Amino acid sequence: MTDLRETAAATVPAPEVLASFEGATGFMPVDEGLALYAAAVDAAERTGLPLLEIGTYCGRSAILLADAARRTGTVALTVDHHRGSEEQQPGWEYHDPTLVDPEVGLMDTLPTFRRTLHAAGLEDHVIALIGRSPQVAAVWGGQLALVFIDGGHTDEHATGDYEGWVPHLATDGVLVIHDVFPDPADGGQAPYRVHQRALAEGFEEVSVTGSLRVLRRIGG
């Protein structure tokens, strides 16, 4: 089994890619982004399969997955309805009024996402799947090298992402979960509960960086 901690130390994006990531709208810290990038490169190199992200927002982490896909000769898939998750709606902590479509009065992060990828020169390495995660998962027929869960943070949405996409994960693929906070004082518990379920269902934790957890099936 590849030691992802060693891979993370040796696998970094080019400076211009990292600069695009840091300049993009989003919430992922650099250290977590680098851990995600290393996991994606490792998984894609070993399997040759696509990388999948749930929760696109404005494309910050998609930059890293797209570059990992470019580097390994595969493609990054990113799933989002682009209407914003619960905490991004008006009146909530992470609401950004500049991302509201004035014509319909709803969040719409898709235009910003497209501009982000264009500016980074990575449009050709990403397929944007626009829709709700369980609906897209239900019609997806292929296997995946990596599943990155970073969508809605309610139990309904986090569990739906896990149940919808983990069955498509290759045996030796990688599961990555963001915003895992064992202490409720640090953040919502839905991703943590999904993380605990994954451990109980045959995954082992191979990398911890901030709130980012990288897991692989035991024996995979």
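The values are calculated or read from the model by the stated rules, or taken from the named source; none is laboratory data. What you see is a predicted model, and the numbers here were worked out from it, not measured in a lab. Counting neighbours? That spans all protein chains shown, and the Cβs are built from the backbone with ideal geometry, glycine included. Quick note on the areas: whole protein, heavy atoms, side chains included, nothing else; ligands and nucleic acids left out. Shrake-Rupley method; radii C 1.70, N 1.55, O 1.52, S 1.80 Å.
Where both bridge residues fall in the stretch 102-220, DSSP classifies roughly 65% of the beta bridges as antiparallel. For Rg and Dmax of the Cα atoms in Å, the candidate list reads [x] 17.3, 54; [y] 16.1, 52; [z] 19.6, 63; the entry that matches the value derived from this model is [y].
Taking amide H as placed 1.01 Å from N in the peptide plane, Phe148 has its amide H under 5 Å from the amide H of Leu52, Glu53, Ile54, Val176, each at least 5 places away in sequence or on another chain. About the Cα centre of the chain, how large is the charge dipole given +1 on each Lys and Arg Cβ and -1 on each Asp and Glu Cβ? Please answer in debye to the nearest 20. Using only the charged Cβ atoms, the result is roughly 540 debye.
Using alpha-carbon pairs under 8 Å, 6+ residues apart, how would you state the relative contact order of the chain in percent?
Dividing the mean separation by the residue count of the chain yields 20 percent.
Surface composition of the stretch 96-220: carbon and sulfur make up 53 percent of the accessible area, probe 1.4 Å. Under the simplified labelling scheme, the Phe27-Ala200 pair shows an inter-label distance of 2.5 nm, with each label point 7 Å from Cα along Cα→Cβ.
Amide H to amide H, with H built 1.01 Å from N, Val206 comes under 5 Å of Val214, Leu215, Arg216, counting only residues 5 or more places away or on other chains.
Between amide H atoms placed 1.01 Å from N, distances below 5 Å from Met107 occur with Asp101, all of them 5 or more places distant or on a separate chain. Classify the stretch 136-220: rounded, prolate or oblate, from the alpha-carbon gyration tensor (a ≥ b ≥ c, eigenvalue square roots; a/c under 1.5 rounded; otherwise prolate if a/b is larger than b/c)? Oblate, because a/c is 1.5 or more while a/b does not exceed b/c. Backbone geometry of the stretch 135-152 corresponds, through the Karplus equation with coefficients 6.51, -1.76 and 1.60 at θ = phi - 60°, to 3J(HN,Hα) couplings of 5, 5, 4, 5, 10, 7, x, x, 9, 10, 6, 8, 10, 10, 8, 8, x, x Hz, x marking Gly and Pro.
When the charge dipole of the stretch 93-172 is built from unit charges on Cβ atoms (+1 for Lys and Arg, -1 for Asp and Glu) and taken about the Cα centre, the candidate among Leu169, Gly152, His118 whose Cα reaches farthest toward its positive end is His118.
Summarising the strand pairing of the chain, around 40 percent of its internal DSSP beta bridges are antiparallel. Computed about its Cα centre, the charge dipole of the stretch 15-59 is approximately 140 debye, with only Lys, Arg, Asp and Glu carrying charge at their Cβ.
Heavy-atom accessible surface of the chain, averaged per residue, reaches 45 Å², computed with a 1.4 Å probe.
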